[in-house]
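A.B. asks: Below is one structure. I have some questions about it.
Each reported figure results from applying straightforward, stated rules to the coordinates on display, with no laboratory input. Keep in mind the model is a prediction, meaning the values are calculated, not measured. Reconstructed Cβ throughout: ideal geometry from the backbone, glycine too, with neighbour counts over all protein chains shown.
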Protein chains: 2
Amino acid sequence: MTSTGKEQAEAVRARVERAALDLFTLRGFDAVTADEVADAAGISRRTFFRYHPTKADAVWGDFARHVARLDRLLRDADDSAPVLATICRAYVDVNDYGPEDLPVLRQRMRLILTEPALQAHSQLRYAEIDRVVAEHVARRTGGSPADLLPRLVGASTRAAAMTAFAVWLSENGASLRGHLHRAFDELTQGFPSLSR
Amino acid sequence: MTSTGKEQAEAVRARVERAALDLFTLRGFDAVTADEVADAAGISRRTFFRYHPTKADAVWGDFARHVARLDRLLRDADDSAPVLATICRAYVDVNDYGPEDLPVLRQRMRLILTEPALQAHSQLRYAEIDRVVAEHVARRTGGSPADLLPRLVGASTRAAAMTAFAVWLSENGASLRGHLHRAFDELTQGFPSLSR
DNA sequence: GAGGCTAGTGGCACCCAGTGCCACGAACAA
DNA sequence: TTGTTCGTGGCACTGGGTGCCACTAGCCTC
C-alpha cells in the first residue's frame, strides 16, 4: 500500500495550504475565490471547506497545535523564573523555526499582517493565545484568569510578540528571536527606551 | 422647515445604530440579517449598506471621530510628562463618558468583545488606534513609527486599554477610569504585581 | 466472493453579506 | 416650468459558508 487514508488527508491538507499561500500572495486574499484554491489543490470547493472552516483558516495551518505547544511549554516551565521570562521563553521556543521553514513563515505572516481580512481573522487566533497565557499567569499568581493582571499580561505579551513579528517582516536582517527578546525586554522593564 | 437633509441623515444614522445594537444584543450578531436591521430602522437594505460599509460597522458608531480625538489629545499633550502617562491620560479622556452614556457603551463593548465576528472586525479598528499612538511615540522619541518601540507601545497600551474595558464589563462596580489606570500602572512599572 | 458498513468526497441548492447599476422622486436652481 | 442633483430603493450578481444527499472506495464479516 502506498498511502493510508490519514496520510492521504495530510497530503491533501498540505497541498491546500501551499495553494492558498501562493495564490493569496500572488493576487491578494480577496481576489482569490475558494473555488480557485480548491481547484489548485485538486479538490472540490465543498471539500475545501471541510478542511478549513474558513478561507482565512487555510493560511494559519495547524495553529491549534502551536497553541497547544505554547500551553505545554508554560505548564512545564520552571516556576522559579520570573513569569514574564517564562512567557518570553515559551514564545521564542514556539517560534523556533529552522532556516528551511522561514520562507513559508514569512509568507504566512506577511499575509496575516497585511491583508485586512486576515488581520481581522487573526484576532480570533490571538484570543486563544491570550487565554493560554492568562491561565498561566493566574496559576502562578494564584488569581483568576478573568482578573485584570492575567488578562493584561496575556494581551500585552502577545502584542509584544506580534510587534516583533511585524518588525522582523519589514526588516530583512535580524533574527526573529532577537526582536522577540528586545520587545519582551522593553515590556518587562517598563519601556526603558522611553527615557523616563 | 422641520429638518434639513443633514439632520435627517443624522436621525436615520442614530436609528440604525440603536436598532443594530438592540437586535444584536437580543438575538446575537450572526442571527440578525442586515435586512432585519434595515427594516427595524425603517430603511432599505441597500441604504443600510450606504450608512455602514459593513454590518459590523453599525456597532462602532462614529469611531473615526474617537480616533481623531485621541490623535488630537496626543498632539496637544504636554511633552514634559512621560510618554506612557500622556497616552494613559489620552485614553482616559477619550473614554470619559457621562453616566447617561454608560449603558450604550456597555452594550456596544459587550458585543464587540464577545461576538466572534465583531471581535475579528475590531482588529481593523485597533490598527488605527495603534497607528496613532505609534506616531505619537515616534514624534516623542525621534524615531520612525515603523520601529519596534513605537509599534510596541502602541500595541501594548491598546492591549492594556482593551483589557481594562473587558474587566470593567465583567465587573459591575469600579469605574472604567480606575481599570484603565490600574492597567497602565502595571504596564508602566513592568508589572510589579507579578512580584518578581 | 457477496453483502453491508463507514468515511471521505462532490454536487446541488440555499442563505446571506456586500456591490454595481439604474430608475424614481424630492428638493432646489434657473 | 424645466432641468439638476442627491438620497433612496429595487434588482441582479458575486462569493463565502452550510445542509443535504448521492456516490464510491475501503474494509469488515460471514
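A.B. asks: Give me the inter-chain shielding for A:111-124: mean count of other chain Cβ atoms within 10 Å, whole number please.
C.D. replies: Mean inter-chain Cβ contacts per residue within 10 Å come to 3.
A.B. asks: Going by alpha carbons, how many degrees (0 to 90, nearest 10) lie between the helix axis of A:176-188 and the longest principal axis of chain A?
C.D. replies: Around 40 degrees separate the two axes.
A.B. asks: Quick one: angle between helix A:102-114 and the longest Cα principal axis of chain A, in degrees between 0 and 90, rounded to 10, please.
C.D. replies: The helix A:102-114 is inclined about 80 degrees to chain A.
A.B. asks: Once you order the gyration tensor axes a ≥ b ≥ c over the Cα atoms, which shape class does the protein assembly as shown get: rounded for a/c under 1.5, otherwise prolate or oblate by comparing a/b with b/c?
C.D. replies: oblate
A.B. asks: Please compute the length gained on full extension between B:HIS181 and B:LEU113, using 0.36 nm multiplied by the number of residues separating them and subtracting their Cα-Cα distance.
C.D. replies: Extending this stretch completely gives an extra 22.5 nm.
A.B. asks: Another question about this same structure. Just to confirm the numbers: A:ARG177, label point 7 angstrom along the Cα-Cβ line, distances to the other copies in nm, shortest first?
C.D. replies: Spacings between copies for this position, smallest first, are 4.7 nm.
A.B. asks: While we're here: Take each of the peptides B:98-107, A:139-148, average the number of other beta-carbon atoms within 10 Å over its residues, and list them starting from the highest.
C.D. replies: A:139-148, B:98-107
A.B. asks: Separate question: Is there a simple number for the mean count of other chain Cβ atoms within 10 Å of the Cβ of residues in A:170-177, and what is it?
C.D. replies: 1
A.B. asks: So what J values fall out for segment B:53-66 if you push phi through Karplus, 6.51 cos²θ - 1.76 cosθ + 1.60 with θ = phi - 60°, rounded to Hz, Gly and Pro as x?
C.D. replies: Values per residue, Gly and Pro as x: x, 9, 4, 5, 5, 4, 7, 7, x, 8, 5, 4, 5, 4 Hz.
A.B. asks: Taking the Cα centre of segment A:24-126 as the origin, how large is its charge dipole in debye, to the nearest 20, when only Lys and Arg (+1) and Asp and Glu (-1) carry charge on their Cβ atoms?
C.D. replies: Here the size comes out at about 280 debye.
A.B. asks: How many Cβ atoms of partner chains, on average, are near each residue of B:182-195 if near means within 10 Å of its Cβ?
C.D. replies: Shielding by partners across B:182-195 averages 5.
A.B. asks: Tell me the distances, shortest first, between B:ASP35 and the same position across the other copies, using label points 7 Å along Cα→Cβ, in nm to one decimal.
C.D. replies: Distances to the matching label points in the other copies: 2.4 nm.
A.B. asks: Explain nothing, just the number: relative contact order of chain A, from Cα pairs under 8 Å at least 6 residues apart, as a whole percent.
C.D. replies: Contact order relative to length: 17 percent.
A.B. asks: Place a +1 charge on the Cβ of each Lys and Arg in the protein assembly as shown and a -1 charge on the Cβ of each Asp and Glu, then give the dipole magnitude about the Cα centre in debye, rounded to the nearest 20.
C.D. replies: 180
A.B. asks: Working from Cα positions, state the angle (0 to 90°, nearest 10) between the long axis of helix B:148-170 and the longest principal axis of chain B.
C.D. replies: In chain B, helix B:148-170 runs at an angle near 60 degrees to the longest axis.
A.B. asks: Further question on the same structure: How big is the C-alpha Rg of chain A next to the rule-of-thumb value 2.2 N^0.38 Å, as a ratio?
C.D. replies: 1.14
A.B. asks: If you don't mind, another one. In nm, one decimal, shortest first: how far is the label point of A:LEU113 (7 Å from Cα along Cα to beta carbon) from the matching points in the other copies?
C.D. replies: Ordered by distance, the counterparts are at 2.8 nm.
A.B. asks: I would also like to ask the following. How about segment B:100-196: which chymotrypsin sites (Phe, Trp or Tyr not before Pro) there are in a DSSP loop, with at most 10 other Cβ atoms within 10 Å of their Cβ?
C.D. replies: none
A.B. asks: Okay, moving on. Taking the Cα centre of chain A as the origin, how large is its charge dipole in debye, to the nearest 20, when only Lys and Arg (+1) and Asp and Glu (-1) carry charge on their Cβ atoms?
C.D. replies: 220
A.B. asks: Under the rule a/c < 1.5 gives rounded, and otherwise a/b versus b/c splits prolate from oblate, where does segment B:118-196 land using the Cα gyration tensor?
C.D. replies: It is oblate, given that a/c is not under 1.5 and a/b is not larger than b/c.
A.B. asks: Would you please classify the overall shape of segment B:29-128 from the alpha carbon gyration tensor, given that a ≥ b ≥ c denote the square roots of the eigenvalues, rounded means a/c under 1.5, and beyond that prolate means a/b larger than b/c while oblate covers the rest?
C.D. replies: prolate
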